[in-house]
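Peer 1: Here you go, one structure.
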Amino acid sequence: MSRLRKYLALAPAGRAIVLRSVLLLPVVAALLRVRGMARMMALLVRLERLAEGVPDALSPQEIARLVNLTASILGAPCLPRSLVLWHLLRCRGTSTEIRLGVSKLTDGNLAAHAWIDLDGQPLNDSVDVFDRYAAFSTSATRIQVDRP
């Protein structure tokens, strides 16, 4: 089945999430490089007023699945993917945390990873993410971005 047919087969709420993800992922990825994570998160919080109407018909897990699917098609890395998911869930009133972790590679280099934590469970990654990456404490990575 083609991607267009799969998209059209989604319920309207699912199509809305995919469309928002297609629009947000490249912008978030580009602005992260220029503005950094804290400023990007603050911008996404300000955009919440314009982004009302994230469908309540979908569970956080379904929204995560659709954002991950869209991100994999667009080739978006984990941090923009997680920021977009964090933003979409905040727009519907679901409180989550962005988690950051590192892993030492066999060549001695470090690999970094980002994911969303919902009630202590990874939402846009597998449950073994805590085995693969040493997560920073949430207080070490918390960036204050209250609603205006």
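The values are calculated or read from the model by the stated rules, or taken from the named source; none is laboratory data. These figures come from a predicted structure and were not determined experimentally. Don't worry about glycine lacking a Cβ; one is built from the backbone with ideal geometry, like all the others, and counts go over all protein chains shown.
Peer 1: Can you find a residue that is surrounded by 15 or more Cβ atoms within 10 Å (Cβ to Cβ) and of a type in the set (S, T, N, Q) anywhere in region 45-63?
Peer 2: Among the residues of region 45-63, not one is surrounded by 15 or more Cβ atoms within 10 Å (Cβ to Cβ) and of a type in the set (S, T, N, Q), which makes the answer no.
Peer 1: In addition: Six or more apart or on different chains, Cβ under 6 Å: which pairs go from a residue in region 7-31 that's modelled with pLDDT of 95 or more to one that's part of a loop (DSSP other than H, G, I, E, B)? Could you list them?
Peer 2: Leu25/Ala76; Ala29/Ala76
Peer 1: Follow-up. Being at pLDDT 95 or above, under 10 Å from Ile17 (Cβ atoms), hydrophobic (A, V, I, L, M, F, W, C) and outside any loop (DSSP other than H, G, I, E, B): is that true of Leu83 here?
Peer 2: no
Peer 1: Of the residues in region 86-130, how many are charged (D, E, K, R), out of contact with any strand residue (DSSP E or B) (no Cβ under 7 Å at 6 or more places or on another chain) and closer than 22 Å to Val22 by Cα?
Peer 2: 2
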